[in-house]
Amino acid sequence: MVSSISQTTLDHLARRLDELAAEFPTRPEAVAPVTLADDIATLSHHLQHAVERAQERFTAPATVHGPERLVLVRLARATAGMAHALDTLAEALTYATTGFQREAVPDLAHSHLRNDPQVLRMLTAEKYVAARARLRNTAADLRTAPPSARPSAPQATRPAARPTLAPKRTHP
């Protein structure tokens with residue numbers, strides 16, 4: 001029996017994403033290619049785990065009911081945010097490898113900045129900041145439960161009481 005996916009599952013993933021984002025360097029001096037590769041691996045693991053959980057639930061779609069479907073939609077949106085952050089980090093890793101000179105800044109081949117490690121670190125730190133923001137936004141979206149999908153039942157209201165008029169008296 002596959003366990004269901006609930007808001008608790010999303011909260012757990014949100015905590016993991018926040019923890020990972022908090023560890024991302026924001027200053028160029030703190031950037032290290034080895035750590036960047038490790039951050040990519042960690043985020044990939046979280047993304048793969050989330051996708052596998054969703055796939056497990058849809059192996060028996062008849063057992064996935066309305067509330068859980070909404071949670072799964074939110075999980076799918078979160079995986080898109082995680083994938084975007086992962087792509088940003090992968091781009092930063094490209095900067096940190098031999099492809100840096102070709103991809104980081106156009107026409108850098110003839111620049112004195114081509115082999116400048118500080119430029120590399122600044123660009124990588126900028127990518128880290130962008131990935132951090134993406135992960136934090138994704139985590140916030142996971143924690144925020146959307147309003148109920150079902151419209152609330154209309155409140156039963158009583159018709160307004162009409163003022164009663166005293167019967168007309170006729171004088172004899």
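Here are the numbers for this structure:
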| quantity | calculated |
| --- | --- |
| Inter-residue pairs, beta-carbon under 8 Å, first within 16 Å of Glu126 (Cβ to Cβ) and in the range 27-45, second of a type in the set (Val, Ile, Thr) and open to solvent by 30 Å² or more (accessible area, probe 1.4 Å), 6+ apart | Pro33/Thr97 |
| Unique match (being touching a His at 6+ places or on another chain (Cβ under 8 Å) and either modelled with pLDDT of 90 or more or basic (Lys, Arg) (or both)) among Leu36, Leu75, Leu17, Leu47 | Leu17 |
| Every residue from the range 1-43 that is acidic (Asp, Glu) and either within 17 Å of Tyr128 (Cβ to Cβ) or open to solvent by less than 40 Å² (accessible area, probe 1.4 Å) (or both) | Asp18, Glu19, Glu23, Glu29, Asp38, Asp39 |
| Residue ID - farthest from the chain's Cα centre (by Cα), chosen from residues in the range 53-72 that are more than 16 Å from Leu142 (Cβ to Cβ) and crowded, with 16+ Cβ neighbours inside 10 Å | Val64 |
| Pair list, Cβ < 6 Å and 6+ apart or interchain, from the range 111-135 residues that are more than 20 Å from Asp39 (Cα to Cα) and open to solvent by 50 Å² or more (accessible area, probe 1.4 Å) to residues that are at pLDDT below 80 and assigned to a loop (DSSP other than H, G, I, E, B) | Arg114/Leu108 |
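Yes or no, residue by residue, for (1) in a helix (DSSP H, G or I); (2) among the hydrophobic types (A, V, I, L, M, F, W, C); (3) surrounded by fewer than 15 Cβ atoms within 10 Å (Cβ to Cβ):
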{"residue": "His45", "(1), (2), (3)": "yes, no, yes"}
{"residue": "Gln48", "(1), (2), (3)": "yes, no, yes"}
{"residue": "Val51", "(1), (2), (3)": "yes, yes, no"}
{"residue": "Arg74", "(1), (2), (3)": "yes, no, no"}
{"residue": "Ala80", "(1), (2), (3)": "yes, yes, yes"}
{"residue": "Asp87", "(1), (2), (3)": "yes, no, yes"}
{"residue": "Ala90", "(1), (2), (3)": "yes, yes, no"}
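The values are calculated or read from the model by the stated rules, or taken from the named source; none is laboratory data. On a predicted model such as this, the values are computed, not experimentally measured, just so you know. Neighbour counts run over all protein chains shown; Cβ positions are idealised from the backbone, glycine included. Quick note on the areas: whole protein, heavy atoms, side chains included, nothing else; ligands and nucleic acids left out. Shrake-Rupley method; radii C 1.70, N 1.55, O 1.52, S 1.80 Å.
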